[in-house]
Amino acid sequence: MKKKILSVLLMMMMIMVVVAPMSAFADTGALSCADVFGAGTNGGTAGTTINNTLKDVVKIIAGAGASLFTIAVMVLAVMIMFGSISPSKKGIYWGSLIGSVCGAFVFFGAFKFSDAIAQMAQGGKCV
């Protein structure tokens, strides 16, 4: 099992090493944001258009993730409170509950800091 997990992580790392430099936000120095993404909409610059789009994408993903984790927290809490689970399985349920709370915290934080995440995705440029 550990070998399988490590091989998947290694494969993902190698894919990111190859794919990340080819992304639209790679720092090549040859193109500006206006060259790649156009002049922008409603009189804005290309940087503001990209920034607004990234914020919307981050908010949608974070909202969906936070909703799913919140539902998981509620289901696990009800299972712990009202379910007749054996003492040996209570530890599994409590671990799952704590993990779900942590996941919800991460997604709610991503929703709150969507402006900063969008800015970091641009490398602090294109504004």
Original post:
Only one residue in ILE85, ILE60 is open to solvent by 90 Å² or more (accessible area, probe 1.4 Å) and either under 23 Å from ALA116 (Cβ atoms) or without any contact (Cβ under 8 Å) to a residue 24 or more places away in the chain (or both). Which one?
Top reply: ILE60
Original post:
Which members of segment 97-108 meet the condition of being open to solvent by less than 50 Å² (accessible area, probe 1.4 Å) and in contact with a helix residue (DSSP H, G or I) (Cβ under 8 Å, 6 or more places away or on another chain)?
Top reply: LEU97, SER100, GLY103, ALA104
Original post:
Any idea which of (1) modelled with pLDDT under 85; (2) part of a helix (DSSP H, G or I); (3) open to solvent by less than 60 Å² (accessible area, probe 1.4 Å) is the one ASN52 doesn't satisfy?
Top reply: (3)
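The values are calculated or read from the model by the stated rules, or taken from the named source; none is laboratory data. No experiment lies behind these values; they were computed from the predicted model shown. Note that we place each Cβ from the backbone using ideal geometry, even for glycine, and neighbour counts take in every protein chain shown. Protein only, heavy atoms only, side chains kept; ligands, DNA and RNA dropped before computing areas. Shrake-Rupley method; radii C 1.70, N 1.55, O 1.52, S 1.80 Å.
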